[in-house]
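Right, one structure below, let's go through it.
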Amino acid sequence: MIDISVKNIKGVGAKTAEYLEKLDIKTVKDLLKHYPIRYLEYKAPTKISEVNKDEEVVIKATITKSISLTGPNRKIAVTKVTDFIDVLDVIWYNSPYLRATLKQGESYIFVGKFSRRSKNTLEHPTIYTIDEYKKKIGSFKPIYALTAGINNNLMEKLIKSAFEYIDDKDFEEYLPESILKEFSLEDRNKAVRNIHDPISKSSLFESKKRLAFDDFFRFLYGMKLLKNKRLRVKSRNIVSKEIKYLEEIKSTLPFKLTDSQNNVIEEILNDMSSGVVTNRLIQGDVGSGKTVVALICLYMAVKSGFQGVVMVPTEVLAKQHFKSMSDILGKLKNPPKIGILTGSMTKKEHLAVYEKIEAGEIDIVVGTHALLVEDVKFKNLGLVVTDEQHRFGVRQRTTLSDKGEDVHVLVMSATPIPRTLAIILYGDLDISTIETKPVGRLPIKNAVITENDREKAYRHISLEIGKGHQAYIICPMVEESENIEAENVIDYSKKIADKFSQNCKIEVLHGRLQQKEKDDIMSRYVNKETDILVSTTVIEVGVDVPNATVIMIENAERFGLATLHQLRGRVGRSELQSYAIFVRTSNSNIAKKRLEIIGNSNDGFYIASRDLVLRGPGELFGLAQSGELDFGIADIYNDNDIFEMAKNAVDMIHSGNIGEEESIKLENKINNYMDLHYKKLAL
């Protein structure tokens, strides 16, 4: 019954069904899973003199003046009420019927907020009789996400009606009794009913705990099934771990690898030599040396007879990787053949590269989305590396690995992700973390300044340019906006022209430029033909300019901490001392607090965890909008303790503690969830 259309519910006609569909509610199940977004507690009434007029109030008062109707079509009802100490004006919109129902001299409970225009006017309060409200004190009113045509009272009514259409089978328990007892979880049926109509704070807590546990458990159990399935798939692509080849490639590096890099290389090579397909995330802070780790693994794959491919999000990054990899590999006696494939190449150039890849004449190819076209065919693809993974969709990564059989996959991400979120985002991948930066890198010196200190910042940039170094200046906008007061790159570049010497070459970069223009501007900067690059956040990803030693970020409070950290990572990429200047143009406490965090720490994982606290996962990683975290009620930051419970439960089940028969039943129930939701997840 739970999957029947909402049109079967009494009171849901064609129009109401149309409104509900805007909230993705089509069935009774959808309606019951439309959980409240918050709750209002039915509190004891307060004297008028003691209320906080900025919050919702509960007042017991007597109507002193009969209801009068005013406004267009006489639909606005107004009156005065008193608690026999103070007097308030009360107004209701589109409520002429109140004239017949509310009586002068009668007492009622009024629940509502004061008007912003008049702090002595209670605006459109809900009205209760004294006896009716007395029964509700201490309980909670659910507040739902709504759309035009559906108010909160109607949503409450529809959800109560929906329970009449379900039976016990619809909420059949799927968890083993041992798990329910171990983690003190209440019955699912009770949890769903209580989440919509909680009788107390403690009962609400228990219901939310159970439903959040379900969200996390089904997800994690499904990920475990996928991971186990992958581990059962044997690979013929055995990559050599031979020390001779490993020492050979390491000897060409102009620096010594960190212990952390060596550990990650060992983890990857153990995977690729195990006879099982590798799917591993290499996570490391900006500038931690992920690319060289990937290059060494690519070299080991080539020495084992396979081809390798590196896919990056931009052409500038592709050219940069191609050059740096060519420089390192070129020092070998018999270097692998390396090629590049990007969208701006001519058709003739594309065809020539396609032929060489298919013939096996190119061992490692670096490219952009141009690698995904059907014409790109490999002779013996063994390893795929995707850089800056969050810029690619799941399908794009799969399209590339499908160009070979049993292909090993490495995913690189410079976005530091707290552990809980990493498990959710990359649930079926093994995770390796490069924890330290290369030897010889000096910590970036940070300064959070106000607008009054801009001139000092410009003088500092001039000093750096005088030493032959380069600078970035980041603005949040491309051009001026009537609605937003913030610096824009076009006006800013003109404004600062007289702040620096005439020999100082300034260029502007932003997302509205054609790709070729962007690539040309960036190439000139990489080649030291430009001194200052005034840019939007398009430079956030991956570009390596060791000679850039200072970045100044205007209106820094407008960016998330994770973005500020990524931008800061554009400098400090050599042994030169580098600087990051954050210009704060807001005096709000939250702006000061957030910029204090970035100013006092260069640790990307710490900053990401603080950003997660301040802004939540949806805003931080753009996940709420993209639909990747399809949890009904669970919150991946605030419910971290419940997440850990669910993870422990999954581990208990997979360790065989519940018996084979129970495990098979559970797997079947979970599969249905995964069929519905797996495609939405960024794995």
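The values are calculated or read from the model by the stated rules, or taken from the named source; none is laboratory data. Worth saying up front: this structure is predicted, and the values here are computed from it rather than measured. Because the Cβ atoms are built from the backbone with ideal geometry, glycine has one as well, and the counts that use them run over all protein chains shown.
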Which numbered condition Ala352 fails, given (1) within 34 Å of the chain's Cα centre (by Cα); (2) in a helix (DSSP H, G or I): (1)
Filtered residues of the stretch 156-211 (kept if aliphatic (A, V, I, L, M) and part of a helix (DSSP H, G or I)): Leu158, Ile159, Ala162, Ile179, Leu180, Ala191, Val192, Ile195, Leu204, Leu211
Members of the stretch 494-518 that are surrounded by 11 or more Cβ atoms within 10 Å (Cβ to Cβ) and acidic (Asp, Glu): Glu507, Glu517
Answer residue from the stretch 519-535, given it is polar (S, T, N, Q) and within 23 Å of Ser462 (Cβ to Cβ) and is surrounded by the most Cβ atoms within 10 Å (Cβ to Cβ) among those: Ser535
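Every residue, every condition in (1) β-branched (Val, Ile, Thr); (2) in contact with an Asp or Glu (Cβ under 8 Å, 6 or more places away or on another chain); (3) buried (at least 22 other Cβ atoms within 10 Å of the Cβ), yes or no:
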position: Lys229; (1), (2), (3): no, no, no
position: Ile243; (1), (2), (3): yes, no, no
position: Lys250; (1), (2), (3): no, no, no
position: Val312; (1), (2), (3): yes, yes, yes
Enumeration of residues in the stretch 227-281 that are farther than 20 Å from Gly404 by Cβ, charged (D, E, K, R) and in a loop (DSSP other than H, G, I, E, B): Lys241, Glu242, Lys256
Qualifying position, being more than 19 Å from Leu442 (Cα to Cα), of a type in the set (D, E, K, R), in contact with a helix residue (DSSP H, G or I) (Cβ under 8 Å, 6 or more places away or on another chain) and at pLDDT below 85, among Asp519, Asp531, Asp544: Asp519
Qualifying strands (runs of 3 or more DSSP E) (wholly inside the stretch 428-523; at least 2 residues being farther than 27 Å from Asn600 by Cα and either of a type in the set (A, V, I, L, M) or in contact (Cβ under 8 Å) with a residue 60 or more places away in the chain (or both)): 430-434, 506-509
Search result, residues across the stretch 428-450 that are surrounded by fewer than 15 Cβ atoms within 10 Å (Cβ to Cβ) and touching a strand residue (DSSP E or B) at 6+ places or on another chain (Cβ under 7 Å): Lys445, Thr450
The stretch 270-304 - residue that is among the hydroxyl-bearing types (Ser, Thr, Tyr) and within 28 Å of the chain's Cα centre (by Cα) and, of those, nearest to Leu257 (Cα to Cα): Ser288
Answer from Ile166, Ile137, Ile199, Ile130 - the residue that is crowded, with 16+ Cβ neighbours inside 10 Å, out of contact with any Leu (no Cβ under 6 Å at 6 or more places or on another chain) and either touching a residue at least 40 places away in the same chain (Cβ under 8 Å) or among the β-branched types (Val, Ile, Thr) (or both): Ile166
Breaking point among (1) outside any helix (DSSP H, G or I); (2) buried (at least 24 other Cβ atoms within 10 Å of the Cβ), for Gly305: (2)
Those residues of the stretch 327-343 which are surrounded by 15 or more Cβ atoms within 10 Å (Cβ to Cβ) and polar (S, T, N, Q), in sequence order: Thr342
Selected residue (only one of Lys201, Lys181 is modelled with pLDDT of 90 or more and charged (D, E, K, R)): Lys181
The listed residue being more than 28 Å from Ala162 (Cα to Cα), of a type in the set (D, E, K, R) and touching a residue at least 60 places away in the same chain (Cβ under 8 Å), out of Lys65, Lys22, Lys53: Lys53
Selection status of Glu660, at pLDDT 65 or above and more than 24 Å from Val192 (Cβ to Cβ): yes
Residues of the stretch 91-111 that turn out to be within 16 Å of Val58 (Cα to Cα) and either touching a Lys or Arg at 6+ places or on another chain (Cβ under 7 Å) or assigned to a loop (DSSP other than H, G, I, E, B) (or both), as a count: 2
Subset of the stretch 34-49 (residues that are closer than 14 Å to Asp83 by Cα, of a type outside the set (A, V, I, L, M, F, W, C) and not in a loop (DSSP other than H, G, I, E, B)): Ser49
